[in-house]
Amino acid sequence: MGKKKKFRMIDAVLTVICVVFVAEAAAPVAAIGNSQYFWWIFMILLFLLPYGLISSELGTTYDGEGGLYDWITKAYGHKWGARAAWYYWINFPLWMASLAIVCPGMLEVVIGKECGTVAAIIIELIFIWVVTAIAFTPTADAVWILNGAAAIKVFLAVLVGALGIYGAVTNGVANPITIGNLLPSFDINSLSFISVILFNMLGFEVICTMSDSMENPKKQIPQAIIIGGFVIAAIYMFSAFGIGAAIPTSEVSTDSGLIDALVLLTGKDGGLFISVCAVLFVLTLFGNMISWSTGVNEVAAYAAANSDMPAIFAKRSEKNGMPVGSAFVNAVVASAVVIIAPFIPNEDLFWSFFALNLVMFLMAYIPIFPAFLKLRRIDPEANRPFKVPGSDAVLKILAYIPVVLIIIALIFTAIPLSFDSETLAATLPITIGSILFIVIGEIMIKVLHKNK
């Protein structure tokens, strides 16, 4: 039997970039306008920094395959662990469906012809099941996929940023920058996209579930999170400027904004260059799903093995030990979503499914931060290779500010704050979907725990 492949340091950093950096989420943030720059800096300082530090400590102290489920269960017990695992898992098929919906549009850019409804569904199903097939393989064997996707993401983001700067110098920016519009915007539409910025910064814990594939996880995990975090923050800011310089805020498309930016910046609506970029963009979508599937499926399988998720999620491949049960259910749920999507009266299906995925995903993270504080208190003797510095008061600030930011983001994303027809049409499906999945999760927990 051959020697198992191991992550090098560069592999770990690139995996963090592949997981955390989300190219398709840049456009919804650009819809905020120039105040996005304020929000990026604000969230980097008050969310990304404490979240990265806390993930580094928890990931190196409790380095089992359960990730955040393990941390929350150790602090608050199995019911809270089950909730976190459910929210963490259900976001994935919804996210996969939202990205699948983007794929036919990217193919249209390449071939120059519009896809019909049936053809679009077939393309979306191919995307879902190809991702699922790759998810059946060990992460270390697919490290070249993660590295390649990370490199493509960085290339596209830097390309958009560079072209945006060039366009601003030669033609002026599409959205003139003033002191007034750089200040934070507090209108409902803008604040509903703040959750996307938080989403763009989440995922550091996924690298913790890959510790078995690393040469020295105690050292590589915090280094990968810190180095990757700084690189990702720089890329986000650079690409955000590119899209903001290229497209008037009112014309930003939430599902294909990056390609729209390239079209406007180059003045080419099609052609080989745009087609190649569209293909590369789709490859980054595959990279996102493949990298995230590892963490999500491992957490679901680990929780199921502890009777905190349905038994099917615990099924693993006899050949390589991969969590095939969770991956299969992901594909079935995502497939059902894209099949019924054409019958849903919504002009922006990408944002509807993406926002619902955001809500469930963010809810999974709320308990992490107080769990960090409780584990410090109830398990003071644990070996902590990386320890967040600071007094108890500083640690409480680092833990609770991210929680407050997540709750605020959830309110503006999932709750209608006005009752005009446009707001209700955009927000009410997200509200109903969120309540539905919360109720399903509680029923699941009650059934699984009735004999515990």
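L448: surrounded by 18 or more Cβ atoms within 10 Å (Cβ to Cβ), modelled with pLDDT of 90 or more and under 19 Å from the mean Cα position of the chain (by Cα), yes or no?
Spelling it out, it is not the case that L448 is surrounded by 18 or more Cβ atoms within 10 Å (Cβ to Cβ), modelled with pLDDT of 90 or more and under 19 Å from the mean Cα position of the chain (by Cα).
Looking at M214, M201, which is the one that is within 25 Å of P389 (Cβ to Cβ), in contact with a helix residue (DSSP H, G or I) (Cβ under 6 Å, 6 or more places away or on another chain), buried (at least 22 other Cβ atoms within 10 Å of the Cβ) and at pLDDT 80 or above?
Just one listed residue meets the conditions, M201.
Testing L373 on (1) touching a residue at least 40 places away in the same chain (Cβ under 8 Å); (2) in a helix (DSSP H, G or I); (3) open to solvent by less than 60 Å² (accessible area, probe 1.4 Å), one condition comes back false. Which one is that?
(1)
Is it the case, given these coordinates, that S335 is over 23 Å from G77 (Cβ atoms), hydroxyl-bearing (S, T, Y), part of a helix (DSSP H, G or I) and modelled with pLDDT of 95 or more?
Yes, satisfied.
Being more than 15 Å from T249 (Cα to Cα) and touching a helix residue (DSSP H, G or I) at 6+ places or on another chain (Cβ under 7 Å) is the filter here; which residues of the range 169-183 pass it?
Here is the first cut: in the range 169-183, the residues more than 15 Å from T249 (Cα to Cα) are 169-171, 179-180, 183.
Selection gives L183 alone.
Suppose we filter I411, I430 for residues that are of a type in the set (A, V, I, L, M) and surrounded by fewer than 15 Cβ atoms within 10 Å (Cβ to Cβ); which single one remains?
Details: I430 fails: surrounded by fewer than 15 Cβ atoms within 10 Å (Cβ to Cβ).
Being of a type in the set (A, V, I, L, M) and surrounded by fewer than 15 Cβ atoms within 10 Å (Cβ to Cβ) holds for just one of I411, I430, which is I411.
For the structure I just gave you, tell me whether P385 is of a type outside the set (K, R) and open to solvent by less than 40 Å² (accessible area, probe 1.4 Å).
The answer is no for P385.
Tell me the residue from V296, V329, V359 that is farther than 30 Å from V404 by Cα and either part of a helix (DSSP H, G or I) or of a type in the set (S, T, Y) (or both), please.
The unique qualifying residue is V329.
Please determine whether any residue of the range 54-70 is under 25 Å from A331 (Cβ atoms), open to solvent by 30 Å² or more (accessible area, probe 1.4 Å), charged (D, E, K, R) and not in a helix (DSSP H, G or I).
yes
For the range 294-342, enumerate the residues that are among the polar types (S, T, N, Q), open to solvent by 10 Å² or more (accessible area, probe 1.4 Å) and under 18 Å from the mean Cα position of the chain (by Cα).
Matches in the range 294-342: T294 only.
Within the range 414-427, take every residue that is open to solvent by 40 Å² or more (accessible area, probe 1.4 Å) and assigned to a helix (DSSP H, G or I) and give me the one that is nearest to A304 (Cα to Cα). Spell out the reasoning first.
Restricting attention to the range 414-427, the residues satisfying the condition of being open to solvent by 40 Å² or more (accessible area, probe 1.4 Å) are 415, 417, 419-422, 424-426.
In the following step, the residues that additionally are assigned to a helix (DSSP H, G or I) were identified as 421-422, 424-426.
Working: S421: 42, E422: 41, L424: 37, A425: 36, A426: 34 Å.
Only one residue tops the list, namely A426.
What do you reckon, is G321 modelled with pLDDT of 85 or more and more than 22 Å from S98 (Cα to Cα)?
So G321 fits the description; yes.
Select from the range 108-119 the residues that are over 22 Å from L272 (Cα atoms) and open to solvent by less than 50 Å² (accessible area, probe 1.4 Å) and write down the one among them that is modelled with the lowest pLDDT.
Restricting attention to the range 108-119, the residues satisfying the condition of being over 22 Å from L272 (Cα atoms) are 116-119.
Next cut, open to solvent by less than 50 Å² (accessible area, probe 1.4 Å) only: 116, 119.
On the way: G116: 86, A119: 92.
Within the range 108-119, the match that is modelled with the lowest pLDDT is G116.
The values are calculated or read from the model by the stated rules, or taken from the named source; none is laboratory data. Just so you know, these numbers come straight off a predicted model, no measurement behind them. Methodologically, a virtual Cβ is constructed for each residue, glycine included, from the backbone with ideal geometry; neighbour enumeration extends over all protein chains shown. Ligands, DNA and RNA are stripped out before the accessible areas are found, and what is left, the full protein with its side chains, is counted by its heavy atoms. Shrake-Rupley method; radii C 1.70, N 1.55, O 1.52, S 1.80 Å.
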